[in-house]
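> One structure is given below, represented as structure tokens, and several questions about it will come after.
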Amino acid sequence: MPELPDVEAFRRILASCAQGRVIRRIEVRDPGVLHGIGATRLRRALEGRRFGRPERHGKWLIARTGGPTLLLHFGMTGELVCATPGDPVHAHDRVVFTVRKDRQLRYRDQRKLQGLWLVDDDGLTRMLGDQGPDAATATAADLRGAVAGRHGTVKSVLMDQSALAGLGNLLADEILWRARLHPARRARGLTDDECTRLHAELRRTLRAAVRAGRVPPRRSWLTGHRDDPNPACPRCAARLHRGRSAGRGTVWCPRCQPDPTARHRPQRSR
Ligand SMILES: [Zn+2]
């Protein structure tokens with residue numbers, strides 16, 4: 001599932017493939033990905049305009065054109081591909097922007113959970129108005145503010161786009177493992193030191209993942225072990241636990257990330 005680092009990679013693809021280029025032609029191969037606009041109106045609004053410098057907020061990609069702004073969200077399976085017109089069309093290429101004779105920007109998505117919106121400035125403010133600060137640039141104070149005001153577990157707050165924008169399931173698990181915090185800890189119960197640690201690991205993880213263009217499944221990362229049949233913690237070698245937290249499949253290390261409720265239970269013999 002595309003998270004902040006993936007969308008940042010799509011932003012770079014848009015920039016290198018299409019920034020400064022005139023949109024010559026838009027082919028809507030599946031109008032099911034368009035929201036609030038039909039294929040004809042989209043073409044009329046954007047053909048002949050020029051892609052400006054793309055921006056990103058959380059998991060949203062913001063493509064300015066000098067007129068209306070194209071907003072893209074990649075849901076669970078979306079991606080942005082730079083192709084040439086001669087490349088075979090993929091079954092999941094939903095919208096194809098031809099930006100010069102030899103370049104096409106293709107919005108490719110299998111499941112079509114999100115898609116494309118065309119908005120003016122007010123619409124942009126409305127669409128992104130419920131987003132929290134972007135996770136890549138959030139300060140320690142932003143993070144403190146996000147966890148302090150919210151009920152629920154720290155994992156659910158990290159994944160709540162209105163608290164902090166850009167994190168998904170993989171990043172939330174990775175960051176919590178690095179910060180040695182159990183995913184079911186109450187967000188409001190974090191100490192100041194724990195918030196500072198969480199912020200430091202958030203920044204460190206995002207920097208590396210943005211460089212990689214995704215959450216890399218490295219063996220030194222928790223992410224590199226989540227699909228192992230008998231996953232072991234790359235830090236302490238304990239058997240990793242799997243469960244559900246914030247409604248998502250969650251992986252954590254019971255030794256590095258102690259269960260917050262365990263201290264109230266009778267001590268288990270080893
Ligand atoms: Zn461990």
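> For segment 206-267, what is Rg from Cα atoms divided by 2.2 N^0.38 Å, rounded to two decimals?
1.29
> Also: Can you tell which of G152, G129, G75 shows the greatest fluctuation in a Gaussian network model of the chain with Cα springs below 10 Å?
The residue that fluctuates most here is G129.
> Can you tell me the dipole magnitude for segment 168-270 around its Cα centre, using point charges on the Cβ only (Lys, Arg +1; Asp, Glu -1), in Debye to the nearest 20?
140 debye
> Which whole-number percentage describes the relative contact order of the chain, with Cα contacts under 8 Å and a sequence gap of 6 or more?
Computed value for the chain: 18 percent relative contact order.
> With all protein chains present, how much of the accessible area of segment 1-94 (probe radius 1.4 Å) comes from carbon and sulfur, to the nearest whole percent?
Carbon-and-sulfur percentage of accessible area, whole number: 45.
> What is the distance in Å between the Cα centres of segment 175-196 and segment 123-170?
So the separation of the two Cα centres works out to 15 Å.
> Could you work out the percent of alpha carbon pairs in segment 1-149 separated by over 27 Å, rounded to a whole number?
19 percent
> At q = 0.11 Å⁻¹, work out log10 I(q)/I(0) for segment 22-105 with the Debye formula, treating every Cα as an identical point scatterer and leaving solvent out; two decimals please.
-0.28
> What accessible area per residue comes out for segment 18-108, rounded to a whole number of Å², with a 1.4 Å probe?
45 Å²
> Does segment 59-118 come out rounded, prolate or oblate, given a ≥ b ≥ c as the square roots of the eigenvalues of its C-alpha gyration tensor, rounded meaning a/c under 1.5 and, failing that, prolate meaning a/b above b/c?
Oblate.
> Packing-wise, with mean Cβ within 10 Å as the measure, how do 23-29, 6-12, 166-172 rank, highest first?
Top to bottom by mean Cβ count within 10 Å: 166-172, 6-12, 23-29.
> Of all DSSP beta bridges in the chain, what percent run antiparallel (nearest 5)?
90 percent
> Right, next: Just the accessible area for T84, please: 1.4 Å probe, Å², rounded to the nearest 10?
Roughly 50 Å² of T84 is accessible to a 1.4 Å probe.
> Please give the Cα centre distance for segment 12-31 versus segment 228-261, rounded to the nearest Å.
Between the Cα centres of segment 12-31 and segment 228-261 lies a distance of 42 Å.
> Using the heavy atoms of the protein chains alone and a 1.4 angstrom probe, what is the accessible area of segment 144-270 per residue in square angstrom?
Per-residue value: 52 Å².
> Any idea what the dipole of segment 64-193 comes to, in debye rounded to 20, about its Cα centre with Lys/Arg Cβ at +1 and Asp/Glu Cβ at -1?
Taking the Cα centre of segment 64-193 as origin, the dipole is about 280 debye.
> Here is a further query. Can you give me the P(r) profile for the chain? Cα pairs, bins 10 angstrom wide beginning at 0, each as a whole percent.
With a bin width of 10 Å, the distribution comes to 7, 27, 30, 20, 12, 3, 1, 0.
> In 10 Å bins starting at zero, report the fraction of Cα pairs in segment 139-270 per bin as a rounded %.
Percent of Cα pairs in each bin: 12, 45, 34, 8, 1.
> Within segment 97-231, what whole-number % of the accessible surface is contributed by carbon and sulfur, with the 1.4 Å probe and all protein chains included in the calculation?
46 percent
> Could you please put W252, W221 in sequence from largest to smallest accessible area, using a 1.4 Å probe?
Highest to lowest solvent-accessible surface, that is W252, W221.
> At a probe radius of 1.4 Å, what is the per-residue accessible area of D102, in Å² to the nearest 10?
For D102, the solvent-accessible surface is approximately 70 Å².
The values are calculated or read from the model by the stated rules, or taken from the named source; none is laboratory data. All of these numbers come straight from a predicted model, not from anything done at the bench. Here the Cβ is made from the backbone with ideal geometry for all residues, glycine too, and neighbour counts use every protein chain on show. Accessible surface is based on the protein model in full, side chains and every heavy atom, while ligands, DNA and RNA are left aside. Shrake-Rupley method; radii C 1.70, N 1.55, O 1.52, S 1.80 Å.
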